[in-house]
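Participant: Can you read through this structure? Questions will come right after.
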Amino acid sequence: FALKKLTATYAATSPSYSDARVTSILDAISWPSGDRKITAGKSYLQASTLDAVPMLTHLEAVVDSEAGLAFIDGAGFLVYQDRHWRNTNALTALATFTDTQTASQYRYKTLVPSYDDAQVWNEVEITREGGTQQTVTDATSQGKNWPRTRTKTGLLITSDAEALDLANWDLVRFKDPAYRFQAMALYPEKDAAWAAVLYREISERITVKETPPGVAVISKDMHIEGVEHTIGLSGRAWSVKFLLSPA
């Protein structure tokens, strides 16, 4: 995707949505139609004229404009999810992971919790291609955490009103620090967790529980953002790591 260059003109997607552009660029690189899982987008896109632009660059611009997600799943499919996908299709946790083994829960080996300002943004600036910058701020968060600016430019959406909506959405999600789990790792054979880990995919929801000393159990639903398998010389050396974000 990064090496293939596109020289093409794409019409505006209205009255179809961003998924039509994804389909067009996949067609341009002859990506097999049977190796795609594309959901209907929510945003119309502007027309685009590309001159030797890497296909991945334009795909990422489409994803940012939709505020969606694109990735290759475990079976090699190109998956494109619109911004509502998780709120429609990932409402139920498919497995529960904890620091103690139980009959219905799976034990993890390591958990990386975080409570910091690395993902705090209390000023958001969104600019669409050919549009006017839309800026929103939260004074309360800035007073507590200092001003922290998140900027997105060159989006292909068709109105400043939608850019403002996106800015407000990002502000609500990121203006305050939150206790979260960044990553979790486990040994599936040792803890009989094969079924819980081998079928998991990006965007799915799981429940993760932590029991700090002297503190009640902390339970959070998380979305999977990445899956990493490290396979050694035996099954017990096979570890699985999930990268996580709050659901």
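The values are calculated or read from the model by the stated rules, or taken from the named source; none is laboratory data. Please read these numbers as outputs of a predicted model, since none were measured by experiment. Backbone-built Cβ (ideal geometry, glycine too); neighbour counts: all protein chains shown. Each accessible area value is taken on the protein alone, full model and side chains, heavy atoms only, with ligands, DNA and RNA left out. Shrake-Rupley method; radii C 1.70, N 1.55, O 1.52, S 1.80 Å.
Participant: Taking the stated definitions as given, is Ala2 at pLDDT below 95, more than 17 Å from Ser159 (Cβ to Cβ) and touching a Pro at 6+ places or on another chain (Cβ under 6 Å)? Give the steps one after another, and end with the answer.
Facilitator: Values: at pLDDT below 95: yes; more than 17 Å from Ser159 (Cβ to Cβ): yes; touching a Pro at 6+ places or on another chain (Cβ under 6 Å): yes.
Spelling it out, Ala2 is indeed at pLDDT below 95, more than 17 Å from Ser159 (Cβ to Cβ) and touching a Pro at 6+ places or on another chain (Cβ under 6 Å).
Participant: Inspect all residues belonging to the range 4-12 and state whether any of them is within 24 Å of Asp165 (Cβ to Cβ) and aromatic (Phe, Trp, Tyr).
Facilitator: Yes, that holds for at least one residue.
Participant: Regarding Ser141, is this residue closer than 22 Å to Phe71 by Cα and surrounded by 13 or more Cβ atoms within 10 Å (Cβ to Cβ)? Reasoning before the result, please.
Facilitator: Numbers: closer than 22 Å to Phe71 by Cα: no; surrounded by 13 or more Cβ atoms within 10 Å (Cβ to Cβ): yes.
Answer is no for this residue.
Participant: Consider the range 36-66. How many of its residues are farther than 18 Å from Asp165 by Cα, open to solvent by less than 60 Å² (accessible area, probe 1.4 Å), out of contact with any helix residue (DSSP H, G or I) (no Cβ under 8 Å at 6 or more places or on another chain) and not aliphatic (A, V, I, L, M)?
Facilitator: 1
Participant: Right, here's the next one. Could you identify the single residue in Tyr179, Tyr199 that is at pLDDT below 95 and within 24 Å of Gln119 (Cα to Cα)? Show your work before the answer.
Facilitator: Values: Tyr199 fails: within 24 Å of Gln119 (Cα to Cα).
Every option except Tyr179 fails the conditions.
Participant: Within the range 144-174, work out how many residues are open to solvent by 70 Å² or more (accessible area, probe 1.4 Å) and assigned to a helix (DSSP H, G or I). Walk me through it before giving the result.
Facilitator: Step one: of the range 144-174, the residues open to solvent by 70 Å² or more (accessible area, probe 1.4 Å) are 144, 146-147, 151, 153, 165, 169, 172-173.
Narrowing the set further to residues that are assigned to a helix (DSSP H, G or I) leaves 144, 165, 169, 172-173.
The total comes to 5.
Participant: List pairs: first in the range 23-46 and farther than 15 Å from Thr13 by Cα and without any contact (Cβ under 8 Å) to a residue 12 or more places away in the chain, second open to solvent by 40 Å² or more (accessible area, probe 1.4 Å) and of a type in the set (Phe, Trp, Tyr), Cβ under 9 Å, 6+ apart or cross-chain?
Facilitator: Sorted first by the residue in the range 23-46, then by its partner, the pairs are Gly34/Phe77.
Participant: I'm trying to understand the selection: among the residues of the range 128-138, which are closer than 22 Å to Val63 by Cα, among the polar types (S, T, N, Q) and open to solvent by 40 Å² or more (accessible area, probe 1.4 Å)? Before you say what the answer is, go through the steps one by one.
Facilitator: Filtering the range 128-138 down to residues closer than 22 Å to Val63 by Cα leaves 128-136.
In the following step, the residues that additionally are among the polar types (S, T, N, Q) were identified as 132-135.
Within the range 128-138, Thr132, Gln133, Thr135 qualify.
Participant: So, in the range 2-13, exactly how many residues are of a type outside the set (A, V, I, L, M) and open to solvent by less than 70 Å² (accessible area, probe 1.4 Å)? Write out each step before concluding.
Facilitator: Our first condition is that a residue be of a type outside the set (A, V, I, L, M); within the range 2-13, this holds for 4-5, 7, 9-10, 13.
If we keep only those that are open to solvent by less than 70 Å² (accessible area, probe 1.4 Å) too, we end up with 10, 13.
Selection size over the range 2-13: 2.
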